[in-house]
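Take a look at the structure below.
Read the figures in this text as sums done on the coordinates, not as results from a lab. Keep in mind the model is a prediction, meaning the values are calculated, not measured. Note that each Cβ is placed from the backbone with ideal geometry, even for glycine, and that neighbours are counted across all protein chains shown.
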Amino acid sequence: MKIGFDAKRLFNNFTGLGNYSRFVVDTLLEAGTTHNYCLYTPKKKNRPETKRYLQDPHLKIITPPSWMKPSPLAAIWRSTLPISAKEFSSLNIYHGLSHELPLGIPSHVKTIVTIHDLIFLRYPQFYSRFDVMMHHQKVKHACRSADRIIAVSEQTAKDIIQFLKADPAKIKVIYQGCHRQFRHKHRPEEIAAVRKKYDLPERYILMVGSIESRKNAITLLKAFAMLPKDGRPGLVLVGKGTTYLDQVKSTIAALHIEKEVALIHHAAFSDLPAIYQGATVFAYPSLFEGFGIPIIEAIESGIPVLTSKGSCFAEAGGPHAWYADPQLPEQWASGLKEILGSNNHPHIALQHEHVLKFRPEQNRENLLNSYLF
């Protein structure tokens, strides 16, 4: 078969959607199939994460004509113009890896789209009206026209049916695992070196994710301030800042915990496993997610997890993580006290058993079967 992919985020995004795109293509390549793959992208970045795709002979990378690349037309090309490329008309399958499919796909090309979440419909207050409208139109078109819809969690599958009235028979839930680097256990001296690089405390509670309203870091800050000051670990927030960062900083100042909180906005992806493994506990108070990959990263890193009740969090964390209401800081403080004051090794082992089902080797067959029509 000849399979095409929307590879914009594979080449240009180095967090969630980019990681998923690379996960899918890697899974197919590692399955040893003889298929041919075309990666459609308006631009490509040559980075360690993309080196494999730029060099692999099984992959053909297709970009806009040179006259389009310096202009906004390159972005439009991704949504409309790839269909004019002769390589596109020869495809058997096209997979939109992040919520959308180009317009006017020939009827002989079978289509798959992956939907990661519909947070912009469930919580539109976190987005501009334009973004809600644009995302809604793209995802509605993709789900109506796709022959198959991949949802990254049962929660997302339910949302696709609820908000988009999609045919349940077209939906297949295939989990995404985290990057294999989180399975590698670092030596104490490696963890110490990363701790020194980012000026982290010896003991710390960790949160990883964009510092935005939906991630709800302020609940964690308030809970942290409720912990007994004598002997409490530090608090480390790792993630890109948004306008919400001003509220976070104001809260830190109001709680007088400036010397105990570290904000890390540009941690190297390769350093994240050591940052996780150096933590005492991982706390993730997000209000809603499509899945919650940082939870999987933390469990693979061997640390206890405290996350939110509801949404997909129990799906990701399993029955042996700790849970608290994301709107109640006192529940988070209680959960943190319990974890910090207990021997949680049995929980960590049971968490790890749960997370095995998200590994690529467990989902490879499901992913490969999604390409069989």
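Some notes on this structure:
- Where N is the number of residues in segment 289-373, Cα Rg divided by 2.2 N^0.38 Å: 1.25
- GNM remark for the chain: springs join alpha carbons under 10 Å apart, and the peak mean-square fluctuation among N12, N343, N216 falls on N343.
- Angle between the chain longest axis and helix 217-226 axis [Cα atoms, degrees, rounded to 10]: 10
- Candidate cross-link partners of K229 among the aspartates and glutamates, defined by an alpha-carbon separation under 19 Å and a same-chain spacing of 8 or more, comprise E202, E258, E260, E330, E338.
- Expected 222 nm ellipticity per residue - DSSP helices of 4 or more, -39500 (n - 2.57), all of the chain, to 500: -11500 deg cm²/dmol
- Taking other C-beta atoms within 10 Å as the exposure proxy, H35, H99 rank H35, H99 from fewest upward.
- Debye log10 I(q)/I(0) for segment 300-344, one point scatterer per Cα, at q = 0.22, 0.23, 0.28 Å⁻¹: -0.76, -0.82, -1.08
- Nearest 10 degrees, 0 to 90: helix 345-355 Cα axis against the chain principal axis: 10
- Equivalent-ellipsoid semi-axes of segment 2-174, from the Cα gyration tensor, Å, largest first: 25, 19, 17
- Hydrodynamic radius by Kirkwood, which averages 1/r over all alpha carbon pairs of the chain, in angstrom: 21.8
- Footprinting exposure proxy for T41, T80 (fewest neighbouring C-beta atoms within 10 Å first): T80, T41
- Ranking of V139, V194 by count of other Cβ atoms within 10 Å, fewest first: V194, V139
- Acute angle (nearest 10 degrees) that the helix 360-369 long axis makes with the longest principal axis of the chain, alpha-carbon atoms: 30
- Cross-link partners of K45 among aspartates and glutamates, defined as those whose alpha carbon lies under 18 angstrom from its own and excluding same-chain residues fewer than eight positions apart: D6, D26, D56.
- Working from label points 7 Å from Cα in the Cα-to-Cβ sense, the S79 to F163 distance is 1.7 nm.
- The mean of 1/r over all pairs of different alpha-carbon atoms in segment 180-358, once inverted, gives a Kirkwood hydrodynamic radius of 16.1 Å.
- One chain, two ends: K45 and I264. Fully extended at 0.36 nm per residue, the span grows by 76.4 nm beyond their Cα-Cα distance.
- Entries in K8/K138; K2/K51; K185/K309; K197/K240 that, when Cα-Cα distance is taken, lie over 24 Å: K185/K309
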